[in-house]
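Novice: Let me begin by handing over the structure; questions about it come next.
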Amino acid sequence: MSEMAPRSAARRSPLGLWSVLRDNDVLHDLLRSPVALLSLVVVIAFAVAAAFPDLVAPHNVNDLSTLDFSDAFRPPAWLEGGSWSLPLGGDDQGRDILSAIIYGLRISLFVSVAAVALSLVIGVGLGLVAGFRGGIVDAVIMRIADIQLTFPAMLVAVLIDGVIRAALGQAAHNRFAIWVMIVAIALAGWVQYARTIRAATMVEARQDYVAAARIIGQSSSFILFRHILPNVLTPVFVLATIQLAVAIILEATLSFVGLGLPPTQPSLGTLIRVGNAYLLSGEWWLAIFPGLALLILVLAVNLLGDWLRDALNPRLR
């Protein structure tokens, strides 16, 4: 017993944990890829800023008592008339652009992540049922997916948003605007998950372990969620990472054209839309900096998704 205790402690020590992580193939590939590592750092930095805007942002843009209208249209700090209290300049209401981006980032990321999670649940559920059941169930689900694929995701989201807006009314729509956006983006993006999971489920359903589970009397739902689902989730994680970038762009586009979030709940798309009205009058920083933040975030997520796709592909090892 005295000999086993040190061995157990060694296995649980930080050095032992580091050796396990060091030998992990995915982590090894990440450390060898500067682009993927930098993308991960950028995504984490944006996520931390979005999660704790009160701690990261120089100013609280939701506190109207801190607004100074003399700072309206103040240029960035390095230009004449600028101030380092507003490093990226002020908007049309005198708010700090940097702080507005951080608070807008919180809404944009929340909407996008929640929409991707909801579309993942819907798509994975329908894909599992279609691939496992087959027959008329598979035909109905896939025909619905095929019909939706004939329309751009943007058009589907606009249609869903319009239907909900008409059903709830403008006042109620503005009150639940974030949740309406989540539902609209999720229903526009479930098809990719459903088709991917369906194809993988059809392959796994023919494996010997599924036949053995049937023989010993396990239920279809148990086989589906206990045996098949864990074996088909790998491509879903990759797809979800890529779809996150699509959801961010879709949310920003809807907000930019005025069909997304109201100005009282500014996202990156809303900030770009407001700044676009002043772009030609010389106040370029109102639109350029939120647009640059959106570009960096989407690029980092896309690069991270591309690396994850290659890292989890056994054929590339």
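Novice: Longest span of the chain, sites excluded, free of GluC sites (Glu not before Pro) in DSSP loop with at most 16 other C-beta atoms within 10 Å?
Specialist: Longest stretch, sites excluded: 81-317.
Novice: Tell me the Rg and the Dmax, in Å, that the Cα atoms of region 81-218 produce.
Specialist: Reported Rg and Dmax, both Å: 21.8, 78.
Novice: Hey, rough spin-label estimate for ARG133 and SER70, points 7 angstrom out along Cα→Cβ, what's it come to in nanometres?
Specialist: Between ARG133 and SER70, the label points sit 6.8 nm apart.
Novice: Where nothing but the Cβ of Lys and Arg (+1) and of Asp and Glu (-1) is charged, how large is the charge dipole of the chain around its Cα centre, in debye to the nearest 20?
Specialist: Its charge dipole is roughly 1300 debye.
Novice: Here is a further query. Taking every pair of alpha-carbon atoms in region 24-109, give the share separated by more than 17 Å as a whole percent.
Specialist: 56
Novice: Could you rank ARG95, ARG195, ARG273, ARG175 by how accessible they are, 1.4 Å probe, largest area first?
Specialist: So the residues, ranked largest to smallest area, are ARG175, ARG195, ARG273, ARG95.
Novice: I would also like to ask the following. Could you work out how far apart the two model spin labels at LEU55 and VAL140 are, taking each label as a point 7 Å from the Cα in the direction of the beta carbon, and quote it in nm?
Specialist: Each label point lies 7 Å from its Cα, and together they span 4.9 nm.
Novice: At each listed q (0.22 Å⁻¹), what is the log10 of I(q)/I(0) that the Debye formula gives for region 246-304 modelled as equal alpha-carbon point scatterers?
Specialist: Debye intensities relative to I(0), on a log10 scale: -0.82.
Novice: At 0.36 nm per residue, minus the direct Cα-Cα distance, what do VAL163 and LEU79 gain on full extension? Give it in nm, one decimal, please.
Specialist: Stretched fully, the VAL163-LEU79 segment lengthens by 25.6 nm.
Novice: Another question, then. Run the helix sum for the chain: -39,500 (n - 2.57) per DSSP H stretch of 4+ residues, divided by residue count, reported at 222 nm to the nearest 500 deg cm²/dmol.
Specialist: -22500 deg cm²/dmol
Novice: Normalised by the number of residues in region 192-294, what is the relative contact order in percent for Cα pairs under 8 Å and 6+ residues apart?
Specialist: 16
Novice: Beyond 33 Å, what share of the Cα-Cα pairs of the chain remains, rounded to the nearest whole percent?
Specialist: Tail fraction, whole percent: 42.
Novice: Now, a different point. Looking at region 124-173 from every direction and averaging, what is the projected area of its Cα convex hull in nm²?
Specialist: For the Cα atoms of region 124-173, the hull's average projected area reads 4.5 nm².
Novice: Averaged across orientations, what area in nm² does the convex hull of the alpha carbons in region 148-199 project?
Specialist: 3.8
Novice: Tell me the net charge near PRO235. Cut-off is 11 Å between Cβ atoms, PRO235 excluded, with +1 for each Lys or Arg and -1 for each Asp or Glu.
Specialist: Net charge around PRO235: +2.
Novice: To the nearest 10 square angstrom, what accessible area does THR196 show with a 1.4 Å probe?
Specialist: 50
Novice: Could you tally the net charge around SER220, taking each other residue with its Cβ under 10 Å from the Cβ of SER220, Lys/Arg +1 and Asp/Glu -1?
Specialist: +2
Novice: Quick one: net charge around LEU168, please, counting Lys, Arg +1 and Asp, Glu -1 for every other residue with C-beta under 11 Å from its C-beta.
Specialist: Charge balance near LEU168 sits at +1.
The values are calculated or read from the model by the stated rules, or taken from the named source; none is laboratory data. Just so you know, these numbers come straight off a predicted model, no measurement behind them. Neighbour counts are summed over all protein chains in view; Cβ atoms, including those assigned to glycine, are modelled from backbone coordinates with ideal geometry. The area values use the complete protein model at the heavy-atom level, side chains included, leaving out ligands, DNA and RNA. Shrake-Rupley method; radii C 1.70, N 1.55, O 1.52, S 1.80 Å.
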